[in-house]
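Asks: Sending over a structure as structure tokens; questions will come in a sec.
The values are calculated or read from the model by the stated rules, or taken from the named source; none is laboratory data. Just so we're clear, the structure is a prediction, and the values are computed from it rather than from any experiment. When we count neighbours, we look across all protein chains shown, and the Cβ atoms used for this are built from the backbone with ideal geometry, even at glycine. Ligands, DNA and RNA are excluded from the accessible area calculation, which covers all protein heavy atoms including side chains. Shrake-Rupley method; radii C 1.70, N 1.55, O 1.52, S 1.80 Å.
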Amino acid sequence: MYKYLVWARINQLQTINTYVWANDDLQTKQIAEAQFGKGNVLNWTRASDQ
């Protein structure tokens, strides 16, 4: 599993950065959309383990 930094919209004026543990990019998007709603995931990138 990898640690991903996810940038998501939580309402019209605010966004949030959070971490998600997932096996790949697709799973990262699916997990984040389950938390923040479809279409609210703006970007994600694999974070270093350090």
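Asks: Pull up the range 15-49, narrow it to residues that are free of Cβ contacts under 8 Å to residues at least 24 places away in the same chain and hydrophobic (A, V, I, L, M, F, W, C), then point me to the one that is least open to solvent (accessible area, probe 1.4 Å).
Replies: Restricting to residues being free of Cβ contacts under 8 Å to residues at least 24 places away in the same chain and hydrophobic (A, V, I, L, M, F, W, C), the top hit is Ala22.
Asks: Another question, if that's okay. For the range 17-46, what are the residues that are more than 11 Å from the chain's Cα centre (by Cα) and either closer than 9 Å to Tyr2 by Cα or part of a helix (DSSP H, G or I) (or both)?
Replies: Listed by number, the residues that qualify are Asn23, Asp24.
Asks: Here is a further query. Residues Ala32, Ala8, Ala47, Ala22: which one is hydrophobic (A, V, I, L, M, F, W, C), modelled with pLDDT under 95 and at negative phi?
Replies: Ala47
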